[in-house]
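The values are calculated or read from the model by the stated rules, or taken from the named source; none is laboratory data. Please read these numbers as outputs of a predicted model, since none were measured by experiment. Here the Cβ is made from the backbone with ideal geometry for all residues, glycine too, and neighbour counts use every protein chain on show.
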Amino acid sequence: MAFTTTHAFTAQPPFKNHPQFAVLKSRQLLAPPISTALYRNKARLFAVAATAAAEKKKRYPGETKGFVEEMRFVAMKLHTKDQSKEGEKEPAGKPVAKWEPTVEGYLKFLMDSKLVYDTLERIVEKAAFPEYAEFRNTGLERSEALSKDLDWFIQQGHTLLPEPPSSSPGISYARYLEELSEKDPPAFLCHFYNIYFAHSAGGRMIGRKVAEKILNGKELNFYRWEAGELPELLQNVREKLNRVAQGWSREEKDHCLEETEKSFMFSGQILQWIASSS
C-alpha cells in the first residue's frame with residue numbers, strides 16, 4: 001500500500017519587503033556595530049588609566065636619589081650665577097668676590113649666626129616632634145665653635161655687644177624657627193637642611209675670602225668640623241632626612257620645598273652684615 005503525504009505551504013513575501021525590515025535597517029545604520037562601541041569604550045578607559053598612571057609616576061627633579069636631592073635641586077636654583085654654576089638668579093648687589101668686609105660687620109654676622117645655631121640645637125634637643133631627635137649630635141653643630149671664635153675676638157681687643165639688638169635679622173630668624181618648629185616639621189626641616197648644608201659649602205668659601213681680607217688668613221672654628229670627616233657627617237644627615245621624608249605625603253614634601261625661599265631670605269639678611277661693610 002502506498003501512502004502519499006501532501007504538504008501545503010502558504011507563500012510568504014520576502015522579509016526584506018516586510019515593513020519591519022525598514023525599521024531595523026535604519027536602526028542598524030544609526031547605531032555603530034557592537035564591536036566598534038566596545039573598542040571605543042576600551043580606548044577611553046585605557047586613556048584615563050594611562051593619564052592616572054602618568055600622574056602617579058610623575059618624577060620630581062632629584063626624586064630618584066632621595067628627597068634630599070630634591071631639596072638640593074631647589075636650593076641650587078635659588079643661588080645666584082656667581083655663587084654656583086647651577087644658580088639661576090642674577091646677583092642683587094656686588095658678587096661675593098667684590099665684598100669689602102669689616103671686622104665690625106663680621107662680628108655682627110657671627111653673633112647672629114650663633115643665635116640661629118643655638119636655636120636649632122635647642123629645638124632638636126627639645127624635640128617637640130619625635131623626628132627632630134634624629135638630628136641631635138650630628139657633628140654639624142656650630143654653637144660651640146662660634147663661642148670659641150667670639151672669645152678669640154675678645155682676646156684680640158674687640159668689644160662685643162652683650163646681645164644683638166632686637167632689630168637684628170638673627171633674632172627675627174631664631175624667633176621664626178622656634179614658632180615653625182612647634183607646628184610644621186617639614187617646613188622646619190627645610191631650614192635645618194639649608195642652614196647646615198649651605199654653611200658647609202658656600203659658607204666655607206665666604207669664610208675663606210673674609211679671612212684673607214681682614215683676618216690675615218686665620219681659619220675660624222666656625223669653618224672646621226672636629227667631630228669627623230665633613231663628607232661623612234653630611235652623608236649621615238642626608239640619610240636621616242631621607243628616612244624622615246619617606247613618611248611624608250607628596251603634599252608635605254612640596255610644602256617643605258616651598259619653604260626654601262624663606263630660608264634663603266633669612267640667611268641672606270644675616271649675610272648682609274658682611275656684604276654691606278658695616
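Annotations for the structure displayed:
- Considering residues of the range 209-245 that are of a type in the set (Gly, Ala, Ser) and assigned to a helix (DSSP H, G or I) only, the residue nearest to Pro130 (Cα to Cα): Ala245
- Residue tally, condition surrounded by 15 or more Cβ atoms within 10 Å (Cβ to Cβ) and of a type in the set (Lys, Arg), over the range 190-208: 1
- Filtering the range 146-166 to residues that are within 14 Å of Trp225 (Cβ to Cβ) and either touching a Lys or Arg at 6+ places or on another chain (Cβ under 7 Å) or among the polar types (S, T, N, Q) (or both) leaves only Leu146.
Condition check ((1) farther than 19 Å from Thr64 by Cα; (2) buried (at least 18 other Cβ atoms within 10 Å of the Cβ)) across all residues:
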| site | (1), (2) |
| --- | --- |
| Pro231 | yes, no |
| Asn236 | no, no |
| Ala245 | no, yes |
| Arg250 | no, no |
| His255 | no, no |
| Glu261 | yes, no |
| Met265 | yes, no |
| Ile270 | yes, yes |
| Trp273 | yes, yes |
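- Output for the range 63-88, where each listed residue is surrounded by 13 or more Cβ atoms within 10 Å (Cβ to Cβ) and at pLDDT below 70: Lys81, Asp82, Gln83, Ser84, Glu86, Gly87
- Close contacts from the range 180-191, counting a first residue that is aromatic (Phe, Trp, Tyr) and assigned to a helix (DSSP H, G or I) and a second that is modelled with pLDDT of 95 or more and crowded, with 24+ Cβ neighbours inside 10 Å, with Cβ to Cβ under 6 Å and a gap of 6+ residues or different chains, come to Phe188/Ser181.
- Residue within the range 121-136 that is in contact (Cβ under 8 Å) with a residue 24 or more places away in the chain, closer than 23 Å to Gln272 by Cα and either among the hydrophobic types (A, V, I, L, M, F, W, C) or buried (at least 18 other Cβ atoms within 10 Å of the Cβ) (or both) present: no
- Filter result (at pLDDT 95 or above and acidic (Asp, Glu)) within the range 160-202: Glu178, Glu179, Glu182, Asp184
- Residue within the range 154-168 that is surrounded by 14 or more Cβ atoms within 10 Å (Cβ to Cβ) and within 20 Å of Val68 (Cα to Cα) present: no
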